[in-house]
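K.L.:
Just dropping this structure here.
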Amino acid sequence: MYNLLKGKKGIIFGALDSKSIAWHIAERCYEEGAEFTLSNTPAALRFGQLKELAEKCNAEIIPADATSMEDLNNVFTRTMEKFGGKIDFVLHAIGMSLNVRKGHSYDDLDYGFYQKTMDISAWSFHKVLQTAYKLDAIKEWGSIVALTYIAGQRIFYKYNDMADAKALLESIARSFGYVYGRDKKVRINTISQSPVLTTAGSGVAGIDTLMDYSEKISPLGNATADDCANYCVAMFSDLTKRVTMQNLYNDGGFSSMGMSEMAMDVYKKGLEIE
Ligand SMILES: NC(=O)c1ccc[n+]([C@@H]2O[C@H](COP(=O)([O-])OP(=O)(O)OC[C@H]3O[C@@H](n4cnc5c(N)ncnc54)[C@H](O)[C@@H]3O)[C@@H](O)[C@H]2O)c1
């Protein structure tokens with residue numbers, strides 16, 4: 001451990017159970033000396049294991065639906081009260097699509113669900129940022145990270161309306177990154193993470209095949225939740241002070257690949273069978 005986050009205070013949104021990427025991030029931040037509050041929906045608190053994480057990391061839980069400005073206001077106000085002032089970092093690890101869950105394909109979307117996908121998975125990030133900005137909750141050189149997936153940039157069959165939400169999430173990081181950087185020297189980035197078998201991840205049809213494909217085609221293999229946690233620690237630390245408005249790939253090289261040697265062999269074999 002390097003004590004990279006010693007003295008830093010933050011908020012971590014989106015840890016549900018030990019599979020959650022945010023869970024791994026919270027554990028690593030704690031190991032690096034950070035103090036933080038944890039937030040998730042009241043339903044997630046009932047069905048998940050957040051209390052266990054809170055005990056482990058000596059963290060207070062502040063329930064919030066991240067689509068509610070009132071709830072978010074409470075999360076930031078309470079966190080600032082607890083730590084006696086402004087904080088240093090925020091993690092947004094929130095995503096959900098009812099169209100994905102209920103099997104509506106992209107050419108048969110339910111628009112009520114589509115709106116919820118956007119609200120929960122993208123607008124909630126803007127709401128977090130606007131709340132923090134208006135309360136002046138983040139210290140100069142503070143760091144805010146949201147988790148995203150490459151389907152926001154390129155087509156991944158069955159990622160469905162979540163792809164649109166991720167594209168918007170990444171755009172919000174740039175747009176608000178300009179305003180927050182200009183006015184308060186706060187940096188905002190998205191980390192585009194390899195697939196991981198979490199509750200949200202498992203909802204995507206064919207996730208096993210997708211994970212196997214990206215594992216094989218990426219020169220370094222898929223990045224794990226622990227790899228993501230290490231990257232977040234670096235992004236929350238003072239070592240990355242002038243990195244902002246970026247979509248940062250943590251994917252073993254996947255995003256730069258077109259065709260690998262192995263994929264070419266598999267493709268040729270498939271042609272021979274045909
Ligand atoms: N698992 C993957 O393959 C993968 C890959 C890249 C990016 N991501 C992103 O990482 C983030 C975390 O997902 P995860 O894979 O760890 O799954 P997860 O299911 O553990 O986390 C998703 C979280 O969103 C929370 N949430 C849902 N609705 C909410 C609301 N209205 N208000 C507040 N919180 C709400 C859930 O309670 C849950 O804790 C998501 O943004 C996801 O899209 C996941």
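K.L.:
Taking the alpha carbon gyration tensor of the chain, what are the square roots of 5 times its eigenvalues, largest first, to the nearest whole Å?
P.N.:
On the way: eigenvalues 200, 87, 64 Å².
Each semi-axis is √(5λ); the values are 32, 21, 18 Å.
K.L.:
Right, next: Could you derive backbone 3J(HN,Hα) for region 30-36 from the dihedral phi with the Karplus parameters 6.51, -1.76 and 1.60 (θ = phi - 60°), listing whole Hz in sequence and x where the residue is Gly or Pro?
P.N.:
For region 30-36, the Karplus curve yields 4, 4, 8, x, 7, 10, 7 Hz.
K.L.:
Report the label-to-label distance for E215 and K82 in nanometres (one decimal), using points 7 Å from each Cα along the Cα→Cβ vector.
P.N.:
A separation of 3.6 nm, rounded to one decimal place.
K.L.:
So how tilted is helix 124-135 from the main axis of the chain? Cα-based, degrees 0 to 90, rounded to 10.
P.N.:
20
K.L.:
Mind checking the angle between helix 261-273 and the chain's longest principal axis? C-alpha axes, 0 to 90 degrees, to the nearest 10.
P.N.:
For helix 261-273, the angle is close to 40 degrees.
K.L.:
Using θ = phi - 60° and the Karplus relation 6.51 cos²θ - 1.76 cosθ + 1.60, list the HN-Hα couplings for region 188-198 in order, rounded to whole Hz, with x at every Gly or Pro.
P.N.:
Each residue of region 188-198 in turn: 9, 9, 10, 10, 8, 9, 4, x, 9, 7, 10 Hz.
K.L.:
Can you work out the PRE-style zone for Y157? Point 7 Å along Cα to Cβ, and I want the residues of region 192-222 with backbone N under 13 Å.
P.N.:
The answer is 205-207, 209-210.
K.L.:
Let me ask something additional. At a 10 Å Cβ-Cβ cut-off, how would you order V75, V128, V243, fewest neighbours first?
P.N.:
Values: V75 24, V128 27, V243 14.
With the fewest neighbours first, V75, V128, V243 line up as V243, V75, V128.
K.L.:
Exposure proxy check: E31, E261 ranked by fewest other beta carbons within 10 Å? Mind showing how you got there, number by number?
P.N.:
Working: E31 16, E261 7.
Lowest count first: E261, E31.
K.L.:
Follow-up. In nm, what is the difference between 0.36 nm times the number of residues separating Q130 and N58 and their Cα-Cα distance?
P.N.:
Working: separation 72, 0.36 × 72 = 25.92 nm, distance 2.75 nm.
Taking Q130 through N58 to full extension adds about 23.2 nm, to one decimal.
K.L.:
Now, a different point. Taking H as built 1.01 Å from N, whose amide H comes closer than 5 Å to the amide H of T148, not counting residues under 5 places away?
P.N.:
I191, S192, Q193
K.L.:
Related question: Once phi is turned into θ = phi - 60°, what whole-Hz ³J(HN,Hα) does the Karplus curve with 6.51, -1.76 and 1.60 give for every residue of region 141-152, x standing for Gly and Pro?
P.N.:
6, x, 9, 10, 10, 10, 8, 9, 9, 4, 5, x
K.L.:
So which residue, out of M259, M162, M211, gets the largest mean-square fluctuation from a GNM of the chain using Cα contacts under 10 Å as springs?
P.N.:
Fluctuation is largest for M259.
K.L.:
Using modelled backbone amide H atoms (1.01 Å from N, in-plane), which distant-in-sequence or interchain residues come within less than 5 Å of F36's amide H?
P.N.:
G10
K.L.:
Running a GNM on the chain with Cα contacts under 10 Å, which residue among L239, L72, L168 ends up with the highest mean-square fluctuation?
P.N.:
L239
K.L.:
While we're looking at this one, here's another question. With all pairs of different alpha carbon atoms counted, what Kirkwood hydrodynamic radius in Å does region 116-262 show? Write out the running numbers ahead of the final one.
P.N.:
On the way: mean 1/r = 0.0624 Å⁻¹.
16.0 Å is the Kirkwood radius here.
K.L.:
Describe numerically, in nm with one decimal, the distance between label points set 7 Å from Cα along Cα→Cβ at M264 and at M69.
P.N.:
Once both label points are built, they end up 5.6 nm from each other.
K.L.:
Which links in K127/K216; K6/K241; K19/K241; K56/K127 stretch past 27 Å when you go from one Cα to the other?
P.N.:
Values: K127/K216 37 Å; K6/K241 16 Å; K19/K241 29 Å; K56/K127 29 Å.
Pairs exceeding the cut-off: K127/K216; K19/K241; K56/K127.
K.L.:
At 7 Å along Cα-to-Cβ for each site, give me the label-to-label distance between D238 and T199 in nm.
P.N.:
3.7
K.L.:
Of the candidates F47, F236, F13, which one comes out as most mobile in a Gaussian network treatment of the chain with C-alpha springs shorter than 10 Å?
P.N.:
F47
K.L.:
Continuing with this model, one more query. Could you give the length gained on full extension between Y2 and E31, defined as 0.36 nm per residue of separation minus the Cα-Cα distance, in nm?
P.N.:
Details: separation 29, 0.36 × 29 = 10.44 nm, distance 0.88 nm.
Extra length from Y2 to E31 when fully extended: 9.6 nm.
K.L.:
Using a 7 Å offset from Cα along Cα-Cβ at R174, what residues in region 139-160 end up with backbone N under 14 Å from the label point?
P.N.:
152-154
K.L.:
Taking other Cβ within 10 Å of each residue's Cβ, how do W23, W123 sort, fewest first?
P.N.:
Details: W23 27, W123 19.
Exposure proxy ranking, most exposed first: W123, W23.
K.L.:
Enumerate the amide H contacts of G142 below 5 Å, restricted to partners 5 or more residues apart or on another chain; note that Pro and chain-start residues carry no placed amide H.
P.N.:
Distant-sequence amide H within range of G142: R187.
Each reported figure results from applying straightforward, stated rules to the coordinates on display, with no laboratory input. No experiment lies behind these values; they were computed from the predicted model shown. Note: ideal-geometry Cβ built from the backbone for every residue, glycine included; neighbour counts use all protein chains shown.
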